[in-house]
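Worksheet for the structure shown next.
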Amino acid sequence: MTKDGAPVMAFGLMGGDMQPQAMRRSSVNLVDFGMNLQEAGDVIRMHHTGSSEPTGTPMVHGGVLHIEDGLPEPVLAELKRRGHRMEHEAVGAYGGYQAIWRDPRTGVYSGATERRKEWLRTRY
């Protein structure tokens, strides 16, 4: 990721088709919501499945929104009211985030890693 034409962050997220969704969300959390590097990766994740695919598979029934535990009930109710089909998934089903940030002003590096990794490690 760059800021004002200079590189500021290297980051990634394992997880197949979860990658672009979670990487975009982490970027929005950093840039638009002002979260720090760790907060940006720790927020509750959502993963939409059943969308149209680049392979030509069309979305038929709107897909399913998979949501990690912990989203407040009023938010879940509003998503349902708007017609989203939702399923809860356990923590750990949403990839693995790691990031390194370089402060463009000071040159100081900071890092963040996935809080969900402990959940994965204890189960496999």
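Connecting C-alpha atoms closer than 10 Å in a GNM of the chain, tell me which of LEU65, LEU76, LEU30 has the biggest fluctuation.
Sorting by GNM fluctuation, first place goes to LEU76.
Which value, in nm² and rounded to one decimal, describes the direction-averaged projected area of the C-alpha convex hull of the chain?
Dividing the Cα hull surface by four gives the mean projection, 9.7 nm².
Residue by residue through segment 100-110, which ³J(HN,Hα) values in whole Hz follow from phi under the Karplus form 6.51 cos²θ - 1.76 cosθ + 1.60 (θ = phi - 60°), with glycine and proline marked x?
10, 10, 10, 5, x, 7, 9, x, 6, 9, 9
Calculate for the chain the 222 nm mean residue ellipticity that helices alone would give, adding -39,500 (n - 2.57) per DSSP H run of length 4 or more and normalising by residue count, nearest 500 deg cm²/dmol.
Taken over the chain, the calculation gives -8000 deg cm²/dmol.
Taking the 0 to 90 degree range and rounding to the nearest ten, how far is the long axis of helix 18-31 tilted relative to the main principal axis of the chain, both from C-alpha atoms?
Helix 18-31 and the main axis of the chain meet at about 50 degrees.
Pull out the extension gain between GLU89 and ILE44, defined as 0.36 nm times the separation in residues minus the alpha carbon to alpha carbon distance; nm, one decimal.
Full-extension gain reported as 15.1 nm.
What percentage of the solvent-accessible surface of the chain, computed with a 1.4 Å probe over protein heavy atoms, is contributed by carbon and sulfur atoms?
Accessible surface attributable to carbon and sulfur in the chain totals 57 percent.
Among HIS66, HIS84, HIS47, which one shows the biggest mean-square fluctuation in a GNM of the chain, springs joining Cα atoms closer than 10 Å?
HIS84
How much net charge surrounds ARG105 when only other residues with a Cβ under 13 Å from its Cβ are counted (Lys, Arg +1; Asp, Glu -1)?
0
What length, rounded to one decimal in nm, is gained on full extension from LEU71 through to VAL31, with 0.36 nm per residue of separation minus their alpha-carbon distance?
Contour length minus the Cα-Cα distance gives 12.2 nm.
How much of the calculated P(r) for segment 6-78 lies past 21 Å, in percent of all Cα pairs?
Value for segment 6-78 (Cα pairs over 21 Å): 39 percent.
Which trypsin sites (Lys or Arg not before Pro) does segment 4-95 hold that lie in a coil by DSSP with at most 16 other beta carbons within 10 Å?
ARG82, ARG85
The values are calculated or read from the model by the stated rules, or taken from the named source; none is laboratory data. Just so you know, these numbers come straight off a predicted model, no measurement behind them. Neighbour counts run over all protein chains shown; Cβ positions are idealised from the backbone, glycine included. Surface areas here come from the heavy atoms of the whole protein model, side chains and all, with no ligands, DNA or RNA. Shrake-Rupley method; radii C 1.70, N 1.55, O 1.52, S 1.80 Å.
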